[in-house]
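Only one structure is covered here, and it is reproduced in the block below.
The values are calculated or read from the model by the stated rules, or taken from the named source; none is laboratory data. Keep in mind that this is a model prediction, so the values were computed, not measured. All Cβ positions, glycine included, derive from the backbone under ideal geometry; neighbour counts span all protein chains shown. The accessibility values were calculated without ligands, DNA or RNA, using every heavy atom of the protein model including side chains. Shrake-Rupley method; radii C 1.70, N 1.55, O 1.52, S 1.80 Å.
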Amino acid sequence: MDRSTLAHALEAGRITGEVATPRENNLSHIHRFLDQERQFDFGVELTRDWDYDSVFALMVARCGLRPDPDFVEGVDTISTEACIDALEKLAEAVGEVARAGGQILFATGHPAGLLPVHMAIAAAAKDAGAVIDTRDHFIPVPEIGGDVRQISNVWTWHLHGGSPHTHLAEPMRALLDDIAARGGSAPDLVVADHGWAGAASSRGLRTIGYADCNDPALFVAEAQGQIEATIPLDDDVVPNLYAPLIDFVIDCSGLN
């Protein structure tokens, strides 16, 4: 699949271009990130000073928010070109690590949206030689309750019989602590989103993350050099709409 075909599919599905996440939500989340609220910091460790204007400018440049600071309510945007550029980086990294027989860890805090994306790319990477550490047991997350467990090679947080949406970093921290306690090796690449990606990047792991236009934390982590690439996109559309994105990543990675 070429870039122009993917661009059309992304915008038709409102994964990029004019998206469902409203402007007022995007701006509110910048303030909440700067206040370091627990659901909005994604476990990202700040290594330099940030203020509202600098984060807003970053989100315009890297995510594609509308640049007018006086536009405070209505339909906001995500850059299609920035999304595809970052997807190419994801494809290159996954292909490189898989062909080298390296270990990749996939995880999501958005199981109703991004889980099928992670599952498809994980399956292709595994078939091409990537090592994906699988576990037949769950790992408790005492700070917030529940546990982390895998669904088709992808780690999720489980609570009260379901896999809820979460921004929290505690699930990834529990998983990485368990790997270290078992004497396991750290993954060569983490492909994740939300607090899963932020926590991995703060541990110094090679990380690529997906982030919506109301998720400034991962874009800040990328600007600080902690995340290799942040992929801007609406992270909670109907999963079938991500099919062209999946095909593009697998094609570009050379894993098919």
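Odds and ends about this structure:
- Subset of segment 1-20 [outside any loop (DSSP other than H, G, I, E, B), aliphatic (A, V, I, L, M) and open to solvent by 20 Å² or more (accessible area, probe 1.4 Å)]: Ala9, Ala12, Ala20
- Pair list, Cβ under 7 Å, 6 or more apart: segment 38-52 residue within 19 Å of Thr230 (Cα to Cα) and in contact (Cβ under 8 Å) with a residue 60 or more places away in the chain, other residue β-branched (Val, Ile, Thr) and assigned to a helix (DSSP H, G or I): Val44/Val220; Trp50/Val220
- Taking each residue of segment 67-82 that is acidic (Asp, Glu) and looking for partners that are open to solvent by less than 30 Å² (accessible area, probe 1.4 Å) with beta-carbon atoms closer than 7 Å, six or more apart or interchain, yields Glu73/Arg23; Asp76/Val19; Asp76/Thr21; Asp76/Arg23; Asp76/Asn26; Asp76/Leu65; Asp76/Cys213.
- Selection within segment 139-176 - in a loop (DSSP other than H, G, I, E, B), buried (at least 19 other Cβ atoms within 10 Å of the Cβ) and not aliphatic (A, V, I, L, M): Gly146, Asn153, Ser163, Thr166, His167
- Qualifying residue in segment 113-121 (condition: open to solvent by 10 Å² or more (accessible area, probe 1.4 Å), closer than 25 Å to Asp41 by Cα, of a type in the set (A, V, I, L, M, F, W, C) and not in a helix (DSSP H, G or I)): no
- Filter result for Thr230 (within 21 Å of Leu27 (Cβ to Cβ), of a type in the set (Val, Ile, Thr) and modelled with pLDDT of 95 or more): yes
- Residue that is in contact with a Leu (Cβ under 9 Å, 6 or more places away or on another chain), of a type in the set (Lys, Arg), closer than 25 Å to Leu168 by Cα and open to solvent by less than 10 Å² (accessible area, probe 1.4 Å), where the choices are Arg38, Arg23: Arg23
- Residue check, His31 in a helix (DSSP H, G or I) and over 25 Å from Ala169 (Cα atoms): no
- Output for segment 44-90, where each listed residue is under 23 Å from Ile246 (Cβ atoms) and among the hydrophobic types (A, V, I, L, M, F, W, C): Cys63, Ile78, Ala82, Cys83, Ile84, Ala86, Leu87, Leu90
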